[in-house]
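Here's the structure, in structure tokens; my notes come after.
The values are calculated or read from the model by the stated rules, or taken from the named source; none is laboratory data. Bear in mind that the values here come from a model prediction, so they are computed numbers and not experimental data. Backbone-built Cβ (ideal geometry, glycine too); neighbour counts: all protein chains shown.
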Amino acid sequence: MVIIDGKKVSLELKEELKASVEEYRAATGKVPGLTVIIVGEDPASQVYVRNKAKTCKEIGMYSSVIELPAETSQKELLDTITLLNNDPQIHGILVQQPLPKQIDEFAVTLAIDPAKDVDGFHPENLGRLVMGHLDKCFVSCTPYGILELLSRYNIETRGKHCVVVGRSNIVGKPMANLMLQKLDATNCTVTICHSATKDIPHYTRQADILIAAIGKAGFITSDMVKPGAVVIDVGINRVEDASTKSGYRLRGDVDYEGVSAVASAMTPVPGGVGPMTIAMLLKNTLHSFQRTHAL
Ligand SMILES: NC(=O)c1ccc[n+]([C@@H]2O[C@H](COP(=O)([O-])OP(=O)(O)OC[C@H]3O[C@@H](n4cnc5c(N)ncnc54)[C@H](OP(=O)(O)O)[C@@H]3O)[C@@H](O)[C@H]2O)c1
């Protein structure tokens, strides 16, 4: 069984991005810029935001973090986004979710200039993805990272049956739509399962490529997987573990031990899809910079 090592690929990717940023800086005197907005003090979000800013700096991009208090109004947040939409130094804007209750997440998504929506959540970007204009949109970072992993591990996709479990707007739906596209790296027959699907194992057992984005630890067990399938585990679930210092450990949506005996290739958790997400965010920010400066 091949372990699809997202940590290793993300490091390679970051080196490639660093070289590109340096090349553009030398040629234009400018670098790509990403701003992350965080509202409130959710500890997990603060960790994600700090990691994003740190990784930006490592590869030579400009990065800033705007921390707003939990009681920020929707208007204040939208005004902040407008300022960033008009700031030529900023090529990517990301608003960390979850947001406090008084803020409508969809209104925030709509407020971000689609040309700076490096998360790929804006309907214009999602619409372009569905229509197959991948070179003219931002693909949301987690599905984009999975595509990159499949490609770097030379996983054959054309004509394969890809089953995606989960239909969220940020993972399941864009993922399924990507795998459907008529591209060398996709071109699958696609099935999507969700919480109302009857007999999920019936579908997952037919998958050549199985992508789990559910949010339930160990949901996909070995009896649900076709021998030789490629299994991509998107899930990040905290499970109690008294033997660790923190009292918990991270588990994916796939029962790694059981499924690794059946699959031909598989992503681990942690160290699989997760590290790719930040790398693809930076790749999208670089794309935005290239488009802005016609590079
Ligand atoms: N690695 C990364 O970088 C990364 C990025 C994003 C998310 N994640 C992780 O990936 C997981 C999914 O994230 P998400 O944002 O897509 O979650 P989400 O918005 O909660 O969506 C979960 C999806 O799974 C489906 N589902 C839930 N229970 C199910 C069940 N018993 N049977 C079948 N389908 C079921 C839901 O179906 P319904 O639509 O019917 O409710 C929904 O479509 C989470 O663990 C999250 O932490 C990881």
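The table below gives the values:
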{"item": "Criterion: over 20 Å from VAL234 (Cβ atoms), more than 15 Å from the ligand (Cβ to nearest atom), touching a strand residue (DSSP E or B) at 6+ places or on another chain (Cβ under 8 Å) and not aromatic (Phe, Trp, Tyr) - qualifying residue of PRO100, PRO88, PRO123", "result": "PRO100"}
{"item": "All positions within segment 26-64 that are in contact with a Lys or Arg (Cβ under 8 Å, 6 or more places away or on another chain) and either surrounded by 18 or more Cβ atoms within 10 Å (Cβ to Cβ) or not in a loop (DSSP other than H, G, I, E, B) (or both)", "result": "VAL31, LEU34, VAL36, THR55, GLU58, ILE59, SER63"}
{"item": "GLU71 being in a loop (DSSP other than H, G, I, E, B) and modelled with pLDDT under 95", "result": "no"}
{"item": "Unmet criterion (only one of (1) within 18 Å of the chain's Cα centre (by Cα); (2) modelled with pLDDT of 95 or more; (3) surrounded by fewer than 22 Cβ atoms within 10 Å (Cβ to Cβ)) for GLN89", "result": "(1)"}
{"item": "Any hit, segment 266-287, residues being small (Gly, Ala, Ser) and more than 13 Å from the ligand (Cβ to nearest atom)", "result": "no"}
{"item": "Answer from LYS216, LYS245, LYS198 - the residue that is within 15 Å of the ligand (Cβ to nearest atom) and either within 30 Å of PRO43 (Cα to Cα) or under 17 Å from the mean Cα position of the chain (by Cα) (or both)", "result": "LYS216"}
{"item": "Failed condition for LEU129, given (1) surrounded by fewer than 21 Cβ atoms within 10 Å (Cβ to Cβ); (2) farther than 26 Å from SER264 by Cβ", "result": "(1)"}
{"item": "Any pair with Cβ under 7 angstrom, 6 or more apart, that starts in segment 1-15 at a residue that is farther than 12 Å from MET280 by Cα and ends at one that is of a type in the set (A, V, I, L, M) and part of a helix (DSSP H, G or I)", "result": "ILE4/LEU149"}
{"item": "Conditions (1) surrounded by fewer than 19 Cβ atoms within 10 Å (Cβ to Cβ); (2) in a strand (DSSP E or B); number of the one not met by VAL231", "result": "(1)"}
{"item": "Residue within segment 224-231 that is under 29 Å from ALA53 (Cβ atoms) and either among the polar types (S, T, N, Q) or at pLDDT 95 or above (or both) present", "result": "no"}
